[in-house]
Amino acid sequence: MKTDDIQEYFENGMVYFYKRDKHFRPICIINCKKLVDTEIDDDQLLRVTVAIVQKVMGKFKNSTILDDGLKDGAVENWIVIIDCKDVGVTQVPKQKLKTMVKQLQKNYRGRLYKLYAVNMPFMLRALWSMLKGM
């Protein structure tokens, strides 16, 4: 996969893997504010998502995350944290998040251990608390 035209999206920090949890699962962080601020189309977003996961899995030779990547020969799960700090209810990039999640489900089925949404706007938290009981 050629990543020259999407290199800037790797460096802006909208999606990245950060260390591991106490059970040694890799932690993926999605920054909604940076995702909203970038003018990335769906095709580029799919390529960035796959490239970041492949980089963590050690598929790229010049990977700087290779030491923190997934273990060879093991099916590892990961944790995803969606950070919605400084993002309003109407600004949440639902379509972009849906595109990313669909791509990850299609190519990396069964890898997600838990998904956390932090710093959610009050209205979304209230709506979720009403809907989760149904």
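Here are some notes:
- Top-ranked residue of segment 99-134 - restricted to ones that are more than 19 Å from ALA51 (Cβ to Cβ) and among the basic types (Lys, Arg), ranked as nearest to the chain's Cα centre (by Cα): LYS114
- Filter pass, ILE82 being in a strand (DSSP E or B), surrounded by 13 or more Cβ atoms within 10 Å (Cβ to Cβ), out of contact with any Asp or Glu (no Cβ under 7 Å at 6 or more places or on another chain) and at pLDDT 75 or above: yes
- Test result for VAL92, buried (at least 17 other Cβ atoms within 10 Å of the Cβ), touching a Pro at 6+ places or on another chain (Cβ under 9 Å), at negative phi and modelled with pLDDT under 75: yes
The values are calculated or read from the model by the stated rules, or taken from the named source; none is laboratory data. Since the model is a prediction, treat every value here as computed from it, not as a measurement. A quick note on method: Cβ atoms are made from the backbone with ideal geometry, for glycine too, and the neighbour counts reach across all protein chains shown.
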